[in-house]
Amino acid sequence: MVALQIVREALKPDASPTDLAKLAESDPGFALRIISMVNSAAFGFSRKVTDVRQATAFIGVRGLRTLGLSLAISDMVPAGPDGMVLLGNSLRRAIAAQLIAKKLGHRDVDEFFTAGLFLEVGLLARARDDLPAAARVARLPASDRVVFERAEHGLDHALRGSELAKAFMLPAELIDAVALHHDPHMPEAPLARVAWVAERVAAVWEGGDVPAAQAEAARALVAVGLADRDVVDMLERLPGLVTDGGLAFERDVGPQKGVDQLLLDVSRNLLEMNQNYENMVRRLERLLAEKDELSGKLEAANQELTRLASTDALTGLPNKRSLEAAIARADRDKTWLSLLVVDVDHFKKFNDSYGHATGDVVLQAVSKALSRHLRAGDLAGRYGGEEFLLVLPGSNMIGARIAAERIRKALEAMVVDTEHGPLKVTASIGGASLCGPGCANTRDEVFARADTALYAAKHAGRNRVVIADAGA
């Protein structure tokens with residue numbers, strides 16, 4: 001490749017412009033590119049050159065070396081949107097370094113251009129192996145790239161670029177400039193200092209917090225020796241010069257926005273973010289309202305499920321599960337408790353004679369009568385079929401007998417209105433008591449004694465009450 005041959009020859013102490021011009025002329029395509037670049041706006045010469053010898057006379061050995069390196073590096077960059085970003089980033093640093101060097105009065109500004117161009121060459125080398133990965137890094141804010149690369153695979157572009165600069169046999173000062181351009185502190189060597197500042201200038205156009213990046217770039221430029229007016233002039237000129245540099249390489253580097261446009265974009269983005277934030281807040285408010293509504297519905301549904309799980313569907317009374325829980329508490333606390341088992345007399349005849357619908361009406365009427373004639377704190381529930389269980393906390397045998405008689409008489413006096421006419425209902429009641437502290441009885445024994453008492457009442461004739469004696 002003629003470009004790399006020129007670079008190698010230009011690095012020799014005895015390199016002459018005539019010999020380099022002859023080498024450039026050996027490749028007509030390369031020669032035309034050299035002439036085009038020297039005549040481009042990026043170089044700013046007032047006179048136009050027509051051959052390589054004139055171009056070499058204008059730019060000298062160092063200039064021709066710089067052009068050779070530039071062409072070699074541009075050839076490393078692939079075409080397409082990712083290549084536009086990569087080449088634009090490289091040219092931005094190269095031109096920034098060149099501008100800084102001019103404003104500081106350095107004579108060999110080509111050396112600074114080359115240093116700036118090599119700041120991103122490590123990323124260009126990676127692009128040849130993995131373009132998507134390199135482009136992803138190139139689109140990150142400049143200050144974040146090295147951290148991301150080290151976290152991803154341990155080798156950052158500053159280290160890779162310095163190794164490539166060694167391979168190109170570039171001067172040690174330039175190699176150090178490439179290696180140190182992401183250091184937290186400004187280096188001491190002039191070339192490395194300018195490259196370090198050029199990195200911060202380029203960062204203004206490369207994502208992240210634009211106002212903060214602009215302020216950091218201005219501080220770095222002032223620290224290296226530029227006046228405030230030079231800072232403003234440089235930031236204004238750089239985008240146009242990057243575009244001209246792309247044209248000189250016959251490559252598109254995409255639109256290069258001015259600093260004012262960047263700040264305007266930031267303002268627009270902040271406005272859009274604010275609008276998005278307000279929309280997000282309103283949506284969040286709606287979601288919270290919906291969540292509260294759903295929570296209320298869920299709580300109501302859970303309460304309904306709890307009620308259904310503990311309630312008999314036909315009568316609305318507590319079911320067997322709820323009754324057993326109440327009895328278990330009394331058994332655990334060893335307090336007086338009486339149980340009354342109420343069985344509707346000859347209930348099967350209601351179902352057989354009038355149908356199950358009428359039987360359900362009778363059960364509903366009995367459940368309402370039981371609830372009306374119990375004390376506060378007593379509990380009536382359906383235990384199954386035509387049987388009801390009354391739980392009487394704090395009642396002994398005497399209290400149980402009084403309650404049973406009250407219930408029996410209430411049912412005996414009741415008339416149930418049905419579609420088949422009025423029907424009379426009676427019930428037999430068996431009861432037993434769970435005695436207080438020191439009592440050896442268990443709830444299972446009390447259940448058994450209440451069932452036995454009910455059996456005795458049923459066989460003594462309908463509409464009877466039998467209360468079992470208390471066990472020891």
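The values are calculated or read from the model by the stated rules, or taken from the named source; none is laboratory data. If you're wondering where the values come from, they're calculated on a predicted model, not measured in any experiment. Methodologically, a virtual Cβ is constructed for each residue, glycine included, from the backbone with ideal geometry; neighbour enumeration extends over all protein chains shown. For the accessible areas, the whole protein counts, side chains as well, though only heavy atoms, and no ligand, DNA or RNA atoms are used. Shrake-Rupley method; radii C 1.70, N 1.55, O 1.52, S 1.80 Å.
Points worth noting:
- Charge tally around ILE402: other residues with Cβ under 14 Å, Lys/Arg +1 each, Asp/Glu -1 each, net +3.
- Extension reserve of the LYS166-ALA223 stretch, reckoned as 0.36 nm per residue once the Cα distance is removed: 17.6 nm
- In this simple spin-label model, placing a label point 7 Å from the Cα along the Cα-to-Cβ direction at both THR452 and ASN396 gives a separation of 2.1 nm.
- Long-range amide H partners of ALA427 with built H, under 5 Å: ASP345, ASN463
- Dipole magnitude of the range 372-467, debye to nearest 20 (Cβ charges: Lys/Arg +1, Asp/Glu -1, about Cα centre): 300 debye
- Amide hydrogen neighbours beyond the local backbone of THR311, cut-off 5 Å, H modeled: ASN319
- With the simple model of a label 7 Å out from the Cα in the direction of the Cβ, ARG136 to LYS257 spans 2.4 nm.
- Here the scattering of the range 152-225 is modelled by Debye summation over its C-alpha atoms, one equal scatterer each and no solvent; at q = 0.19 Å⁻¹ the log10 of I(q)/I(0) is -0.81.
- Sum of side-chain charges, PRO78 neighbourhood, beta-carbon under 13 Å (Lys, Arg +1; Asp, Glu -1): -2
- Cβ-derived FRET efficiency at R0 25 Å, ARG237 paired with GLU173, nearest 0.05: 0.45
- Filtered chymotrypsin sites (Phe, Trp or Tyr not before Pro), the range 338-396: DSSP coil and at most 12 other beta carbons within 10 Å: none
- Relative packing of 450-458, 412-420, which averages over residues the other C-beta atoms within 10 Å, highest first: 450-458, 412-420
- For the range 186-247, the average shadow cast by the Cα convex hull is 4.5 nm², which is a quarter of the hull's surface.
- Taking 0.36 nm per residue of separation and subtracting the Cα-Cα distance, full extension of the segment from ALA460 to VAL415 would add 13.9 nm.
- TYR277/ALA151 FRET efficiency (R0 35 Å; Cβ-Cβ; nearest 0.05): 0.75
- Couplings for the range 400-405, taken from phi via the Karplus curve 6.51 cos²θ - 1.76 cosθ + 1.60 with θ = phi - 60°, read 5, 5, 5, 5, 5, 5 Hz in order; Gly and Pro are left as x.
- Summing Lys and Arg as +1 and Asp and Glu as -1 over all other residues whose Cβ lies under 12 Å from the Cβ of ARG219 gives a net charge of -1.
- The Cα-based radius of gyration and maximum Cα-Cα distance (Dmax) for the range 333-375 are 14.3, 46 Å.
- Using the Cβ-Cβ distance between SER295 and ALA325 with R0 = 25 Å, the FRET efficiency computed as 1/(1 + (r/R0)^6) comes to roughly 0.35.
- Computed from backbone phi with θ = phi - 60° and the Karplus coefficients 6.51, -1.76 and 1.60, the 3J(HN,Hα) list for the range 366-371 is 5, 4, 5, 5, 4, 5 Hz; x is used for glycine and proline.
- Here the Karplus relation 6.51 cos²θ - 1.76 cosθ + 1.60, evaluated at θ = phi - 60°, turns the backbone of the range 280-287 into coupling constants of 5, 5, 5, 5, 4, 4, 5, 5 Hz, with x for every Gly and Pro.
- Ordering 232-243, 291-302 by mean Cβ neighbour count within 10 Å, with the highest value first, yields 232-243, 291-302.
- Loop-located GluC sites (Glu not before Pro) in the range 169-224, at most 14 other Cβ atoms within 10 Å (DSSP): GLU188
- Among 161-168, 179-186, the peptide with the highest mean count of other Cβ atoms within 10 Å heads the list, and the full ranking is 161-168, 179-186.
- For the residue pairs LYS22/LYS102; LYS291/LYS320; LYS348/LYS458; LYS348/LYS409; LYS166/LYS257; LYS48/LYS257, the C-alpha atoms sit more than 25 angstrom apart in LYS22/LYS102; LYS291/LYS320; LYS166/LYS257; LYS48/LYS257.
- Stretching LEU288 away from ARG372 to a fully extended chain increases their span by 25.8 nm, per 0.36 nm per residue minus the current alpha-carbon distance.
- Annotation: amide H-H contacts under 5 Å for GLU386 (H modelled 1.01 Å from N, sequence separation of 5 or more, or interchain): none.
- Expressed as a whole percent, the accessible surface of the range 126-234 that belongs to carbon and sulfur atoms is 56, based on a 1.4 Å probe.
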